[in-house]
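Student: Encoded as structure tokens, here's the structure I'll be asking about.
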Amino acid sequence: MPADAHRIGLARGVDVHTYGERMLATDKAQKLKAHWQAMLDETFRGITSNGEIQPDLYRLQDEGFAVENAVAAAQALLQTLAPEVQTEACYPIEAKQWRAWYNPEIPFNDYGVRLEETSTATREAFLKLLRSCTSERGFIKVQQLMDANHFLGELYDLTNIMNRWSFHFMLFGEPFCYAALGLEYLWPSCGVLLLYHRAATGYRPHIYGCRAKRHCAR
């Protein structure tokens, strides 16, 4: 997209909310949002290869995940948020919002909490939670994606809407550990969803320049 494109111009010098209002006022964006909303309103039955659900593909089991670390990190993250912000971040475990992610930079909804609008303490706590829920490789990859988003913002001089922290996060369920059948059995009752407004692994090129960043995509 050329730097002087109309869409780019709508984003200059404003926050993401104002930009969203401008973009969603267009017929094209309204149609896209309506299509997205219609799919979200459908009853979720699963992901299939032929339209037919295959039952019992997986079973719940202990796979060695350190649940207590994730629970502690989630609780620490919540403690950095004011009560009213906690309400914005937390949803029931089966809430449809976990499917409400979107790819464009246009804010189609306001579910969750936008990281760039949070404190440094919240951002650090979020990264600790993310680290506790991913492998080392996965954690680095997510940080690379966040850096890539900032790089796109620098490329178009639009870091006001595209930067390392311009993502929403939501917590699903209540983080806790419990015992089952008299055994010390830990099971994750906490879900975390980082909503990328860019294709999560579709960046090109794979190598890009960064300005004083710790992690750059390779």
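The values are calculated or read from the model by the stated rules, or taken from the named source; none is laboratory data. Computed from a predicted model, the values in this text were never measured in an experiment. Surface areas here come from the heavy atoms of the whole protein model, side chains and all, with no ligands, DNA or RNA. Shrake-Rupley method; radii C 1.70, N 1.55, O 1.52, S 1.80 Å.
Student: To the nearest whole percent, what portion of all C-alpha pairs in the stretch 92-163 is separated by more than 14 angstrom?
Tutor: Above the 14 Å cut-off, the stretch 92-163 has 72 percent of its Cα pairs.
Student: Right, another one. Go through LYS128, LYS28, LYS33 and list them by solvent-accessible area, largest first, probe radius 1.4 Å.
Tutor: My answer, sorted largest first, is LYS28, LYS128, LYS33.
Student: Could you list which residues have their amide H under 5 Å from that of ARG164, counting only those 5 or more apart in sequence or on another chain, with H placed in the peptide plane?
Tutor: HIS150
Student: Could you quote the convex hull projected area for the stretch 43-117, Cα atoms only and averaged over all directions, in nm²?
Tutor: Value for the stretch 43-117: 7.9 nm².
Student: Oh, and also: Could you estimate the translational diffusion coefficient of the stretch 1-53 from the Stokes-Einstein equation, with Rh from the Kirkwood formula over C-alpha pairs, at 37 °C and 0.692 mPa s, in whole µm²/s?
Tutor: 238 µm²/s
Student: Taking all pairs of distinct Cα atoms, average 1/r, flip it, and tell me the Kirkwood hydrodynamic radius of the stretch 1-146 in Å to one decimal place.
Tutor: One over the average 1/r among Cα pairs gives 18.7 Å for the stretch 1-146.
Student: Straight-line reach from LYS33: which aspartates and glutamates have Cα under 14 Å away, leaving out those fewer than 8 places along the same chain?
Tutor: Qualifying aspartates and glutamates at Cα under 14 Å: GLU21, ASP41, GLU105, ASP110.
Student: Please turn the phi angles of the stretch 37-44 into ³J(HN,Hα) values with the Karplus equation 6.51 cos²θ - 1.76 cosθ + 1.60 (θ = phi - 60°), one per residue in order, whole Hz, x for glycine and proline.
Tutor: Per-residue couplings from phi come out as 5, 4, 5, 5, 6, 5, 5, 7 Hz.
Student: If amide H atoms are built 1.01 Å from N in the plane of the peptide, which residues on other chains or at least 5 residues away come under 5 Å of the amide H of CYS90?
Tutor: LEU171
Student: Using a 1.4 Å probe, how large is the accessible area of VAL85, given in Å² and rounded to the nearest 10?
Tutor: Roughly 40 Å² of VAL85 is accessible to a 1.4 Å probe.
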